[in-house]
Structures are given as structure tokens and as C-alpha cells.
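Worksheet for the structure shown next.
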């Protein structure tokens, strides 16, 4: 190999230059200083006032210096662990990990294929499926579990995931108290709070209310996470053209302002606490008013946010594997596949929402199953081309020579299994072979495999002592939720 020889082993994707990122960020700082954000949380307002922000009622104008200080203290890496204690997700640089989304009110029943309301059993089946599939690294609930008290629904979602997978978990929550309750459950699973800090099983998801508003419940969760050193994903959830500008660049400016305002509050509470940059920015279809998940603008914006987060040196929350199709079909496969490849090339750290169909309203286990194959392709593409002397294969070319073949050469047997990607679901047989096997379509094959996995697979079980502790905590939290509800009625 020659000296001073540059190699690009892995492909890269860029929508923004460093200059463009700086320009967007400077515009975001101007939004924070001149327009400001609405902050609907007393403790957050007090933190901002104490740090020197300009407060007028609930409108807060944040000096650029506070943003710079927060960016200097936020960590550049976050490590999540699996339930077995193995630190497995190293969220830094361009390392990508894949998982589902959360809070779909509906699901496609894996046996009847009918759309219906989600249940706790559905959350457990999703976790079980992801536990089985090798390309999933974390889970979110997918389903929205209904309960008399909403905060207990989130408790049941975490419980269903923790019992049915050993993989890392991202949770949604009602408020800060709900976060503390879920962290108490996670601590019980990992052997105590200190052990949880060493082997962080979970992160917490929350959202800004666009445009430019930080709501009380969202900040309550973010501040609880900062206090407890739990990684928080305080994402933006914008609709370009509705809750954000119609232009992609303008949407990015607003997104950066919203993310940075949340970061400032978070770091004022606990400098150095773990925080994710990024979010879900999509557009609204002006013909149908639909909130889109399969449109290219969504994933261009997500990739651009990933580039910005990487430039700032912050772990990034990204999106892929989702669709506007109403069930697992050709559209959902196409939209899920291209978005996963795009976000993988961009280098998003946590790529979530895999398995969403129906514009985020419905979950599909079949989409999750098929996307496992798509993730495999994305990982293979991102791996790039190995350029070592062994891979240049001059010796093998010399042995075979003109007119020969490589089928029997040792070089082929050493490399083809690692050099080539092989599917588990996609069809590569001849038409005759496929027809003789029953002409099984992709939809039929995927649905049958989903049914098999959730019927036959079981994750490594929690110890019985831990199960008893979780049962007791759930009962206690339900009782406390009832007491809070009664107290609110008597006010």
C-alpha cells in the first residue's frame, strides 16, 4: 500500500456542509435570542432566570452563551445496556442501532390481520419478536396500553417490554413522577439504581410542542431524567407547513432552536447529564392533512438533523422503517426500506419507528419482521468495501488466470460468506422452484413467520424474585395514581 493513501471504506451521505450547519445553527440562535420560546414549567423558568435568560411571563429569550455552555457540558456519547447487563449500544459518531416506535393506538392483529386497538399483550408480542430478530437493538412499546389512569398505561408498557426482551428499552411516560416510577422498576431489574447507572437499560422519550413551546409535562420528564442521570430524548415533532415553516431549511432552523432550548434547561438542571439531539420532522400533505411517515422530505430532514447532531458531537435520535401504507404491503416495504438505508448512510445513532404503518397510527409486526431484512441490507451497504491486500485478491486472480473460474479457489471459500449478503425472506429461487414450493408471496411468508415467532419464542425470563418486585411496584403505582386522581377531584 502506498504511503499517504486515502481510503473511503464506508459510504457516506451529506445533505449539509459544515458551513450550512453553522448557518442553520446561527439562525436558530437568533430565534432563541430575538423571538424566544414559551416555557410552561416553574422550575425550568427559575433555572433560566438564574442563568441570565430574559423572562417575560412564560416567554424566554435565551442568550447564545447559554447554548454554548450547554453544548460544552452535554456528553458526546451515551451507552445503553441490555437486560443481561452487557453494555451494547455505543451511541456516538456514526454508529447506528435499530428499534421500534411507540404509542400507536391501533395494531394489525398478527393472526386475523384486522386493525384493532392495541393491548399490553401486543406490546409483549412486539418485544418478543424484536428479542428474536437479530438486527434489532432496542424496543419502544409500539402499542398504547389503555388504563383508567394514563400513567399506569406507560407502566404496563415498560413491564411488557422488560418481561419479553433482554434488549434495551426506550420508554414514554406521562410526567416526571411516571419517569421516576419506571426508573424504580428498571433499578429493580438491574439490581439497584447504582447498577442501573453503570448498565443503563433505558432512555426516556419526550417532545417539544412546536412551534417554540416547551410544555409542562415534557419538561417535567426532561428535568426528572436530568436529576436521575437517565438519558433523555427530548425530540422535536414538527409538521413542516403546519407547525414549522414550509421550507426545509426553515424547519431545520426552528428544530435547532427548539432542541437547544430544551438542552439548555436540561444542562442547567444537571450539567453533563445524557441528552439526545434529533427528532421526527415531517411534512403535512396539503391535500389530505395527513401527518406523513413515508415521504422523502421526512427522511431528508431526519438525515440533515443527524448531520447536525454529529457536527455538534451529540448522540442523535433518528427515524426509519415506517410507512403511510395501511398494512404490510408493497408500499410499506418500499418506504420502510429506502428510509432505513437513507438514515443508516446518514449515521443516525438510534433509528426508531420501525414497524409504523398508517402514518404512525398503527403498528405492524409484519413490517417489523420484513424490516429486519432491510436493516441487514442497510448494515451491509454501510459496511462498504474492504480494501486490504487480501481483498484486492491479486494472488487469487493469478492462480485462476485467463479463462478459469473462482468457484473452487480457496480465496472464494474464505470470503464469500462475509463479502455477500444473504436474505432470510427475499426470494432468489427460480420461478419453477418457487412455484413448486407453493407460490408463497412475501406477505404470506412474513405473516406466517411472525405467527411462528410470537407463538414459539420466549425471551430469557426475569428471576422470579424480580417478577414479584415488579408486580408489587405496579400495584403500588396504581394505588398512588388512584390517590392522586382523588386528590385532584377534591381541590
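Residues that are free of Cβ contacts under 8 Å to residues at least 60 places away in the same chain, assigned to a helix (DSSP H, G or I) and more than 15 Å from residue 138 (Cβ to Cβ) within segment 161-181 comprise 176, 177, 178, 179, 180, listed in sequence order.
Residue 359 - would you say it is surrounded by fewer than 24 Cβ atoms within 10 Å (Cβ to Cβ) and either within 26 Å of residue 119 (Cβ to Cβ) or modelled with pLDDT of 95 or more (or both)? Spelling it out, residue 359 is indeed surrounded by fewer than 24 Cβ atoms within 10 Å (Cβ to Cβ) and either within 26 Å of residue 119 (Cβ to Cβ) or modelled with pLDDT of 95 or more (or both). The listed residues are 390, 419, and the only one of them that is under 27 Å from residue 89 (Cα atoms), surrounded by fewer than 17 Cβ atoms within 10 Å (Cβ to Cβ), out of contact with any strand residue (DSSP E or B) (no Cβ under 6 Å at 6 or more places or on another chain) and at pLDDT below 95 turns out to be 419. Quickly run through segment 227-245 and pick out the residues that are assigned to a loop (DSSP other than H, G, I, E, B) and either free of Cβ contacts under 8 Å to residues at least 12 places away in the same chain or farther than 24 Å from residue 359 by Cα (or both). If the condition is that a residue be assigned to a loop (DSSP other than H, G, I, E, B) and either free of Cβ contacts under 8 Å to residues at least 12 places away in the same chain or farther than 24 Å from residue 359 by Cα (or both), then 229, 230, 231, 245 are the ones that fit.
Residues checked against (1) in contact with a strand residue (DSSP E or B) (Cβ under 6 Å, 6 or more places away or on another chain); (2) surrounded by fewer than 23 Cβ atoms within 10 Å (Cβ to Cβ); (3) part of a strand (DSSP E or B):
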position	(1), (2), (3)
187	no, yes, no
197	no, yes, no
200	yes, yes, no
203	yes, no, yes
217	no, yes, no
220	no, yes, no
225	yes, no, no
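A count restricted to segment 139-160 and to residues that are more than 16 Å from residue 176 (Cβ to Cβ) and not in a helix (DSSP H, G or I) stands at 10.
Screening 440, 381, 450 for residues that are under 23 Å from the mean Cα position of the chain (by Cα) and surrounded by fewer than 16 Cβ atoms within 10 Å (Cβ to Cβ) leaves exactly one candidate, 381. Candidates 327, 366: the one that is buried (at least 24 other Cβ atoms within 10 Å of the Cβ) and either in contact with a helix residue (DSSP H, G or I) (Cβ under 7 Å, 6 or more places away or on another chain) or farther than 21 Å from residue 172 by Cα (or both) is 366. Segment 31-125 holds strands (runs of 3 or more DSSP E) entirely within its bounds, and those carrying 2 or more residues that are under 27 Å from the mean Cα position of the chain (by Cα) and surrounded by 14 or more Cβ atoms within 10 Å (Cβ to Cβ) map to 37-39, 78-81, 87-91, 106-108.
Within the set 427, 460, the sole residue that is part of a loop (DSSP other than H, G, I, E, B), within 37 Å of the chain's Cα centre (by Cα) and without any contact (Cβ under 8 Å) to a residue 60 or more places away in the chain turns out to be 427. Taking (1) modelled with pLDDT under 95; (2) crowded, with 24+ Cβ neighbours inside 10 Å; (3) under 22 Å from residue 139 (Cβ atoms) in turn, residue 237 satisfies each apart from (2). One residue alone among 219, 201 is farther than 30 Å from residue 246 by Cβ and touching a helix residue (DSSP H, G or I) at 6+ places or on another chain (Cβ under 9 Å), and that residue is 201. If only residues of segment 173-185 that are touching a helix residue (DSSP H, G or I) at 6+ places or on another chain (Cβ under 7 Å) and surrounded by fewer than 21 Cβ atoms within 10 Å (Cβ to Cβ) are counted, the one that is nearest to residue 42 (Cα to Cα) is 175. Residue count for segment 324-378 under the criterion of being more than 12 Å from residue 108 (Cβ to Cβ) and either in contact (Cβ under 8 Å) with a residue 40 or more places away in the chain or part of a helix (DSSP H, G or I) (or both): the result is 35.
The values are calculated or read from the model by the stated rules, or taken from the named source; none is laboratory data. Everything numeric in this text was worked out from a predicted model, so none of it was measured. Note: ideal-geometry Cβ built from the backbone for every residue, glycine included; neighbour counts use all protein chains shown.
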